[in-house]
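**Student:** Structure below; questions to follow.
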């Protein structure tokens, strides 16, 4: 996988503001989706992020930018550095490559559609996203909602099959407990004669046990 610049989104902000590079060129260099770069240009995302000059920090040369500005099909090549590359972590929280972050809404849409038993907190932990993003995908207020297509996060490489299955089992146990609790409440309501509508209903067995009234004896007593 090609190396990405430091602070990719901040770098994309700078390139959008200071160059005539195409969205495709900026997206590929920064590991972002083309539509995300377009949203940066439209001021819909990355609001408040200060642009990072890749020429100043030695990641791009001015000549390389000019070359690609003159050739829309050209692809930016990062300046080679003698500095040692950071070692990838082998433990700790799962890291999602920047190139795959734009695919998360598709994975969120898939889980919402196919596994409604999963809570938003579970989806957030599985995909490394936020509840806010999940809510926006759910109510279709996400900035890229028109292009979101449900895709299996396992096939996309965003989550392991074992982790997904474990989360589904926990969700199914929770749903089973909730359903069992509701059933117990309904049984208790039936036994006490309290229906869900809030009224007290006399069981039929009690209605049958009401004593018969002798109307003739009652009239003789009154007379």
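**Student:** Quickly rank 46-55, 126-135 as a protection proxy: mean count of other C-beta atoms within 10 Å, highest first. Numbers along the way, then the final one.
**Tutor:** Values: 46-55: 14.6, 126-135: 16.9.
The peptides rank, most packed first, as 126-135, 46-55.
**Student:** For segment 8-70, what is the Kirkwood estimate of the hydrodynamic radius, computed as the reciprocal of the mean inverse distance between distinct Cα atoms, to one decimal in Å?
**Tutor:** On the way: mean 1/r = 0.0870 Å⁻¹.
About 11.5 Å, per the Kirkwood formula over Cα pairs.
**Student:** Could you order peptides 58-65, 141-148 by the average number of other Cβ atoms within 10 Å of their residues, highest first?
**Tutor:** 58-65, 141-148
**Student:** Can you give me the distance in nm between label points at residue 55 and residue 162, each placed 7 Å from the Cα along the Cα-to-Cβ direction?
**Tutor:** Going by the 7 Å Cα→Cβ label model, 5.0 nm.
**Student:** Still on this structure: For segment 103-196, what is Rg from Cα atoms divided by 2.2 N^0.38 Å, rounded to two decimals?
**Tutor:** On the way: Rg = 17.2 Å, N = 94, 2.2 N^0.38 = 12.4 Å.
The reported ratio for this selection is 1.39.
Only the coordinates and a few stated rules stand behind these numbers; no lab work does. The model shown is predicted, which means the values in this text are computed figures rather than measured ones. Reconstructed Cβ throughout: ideal geometry from the backbone, glycine too, with neighbour counts over all protein chains shown.
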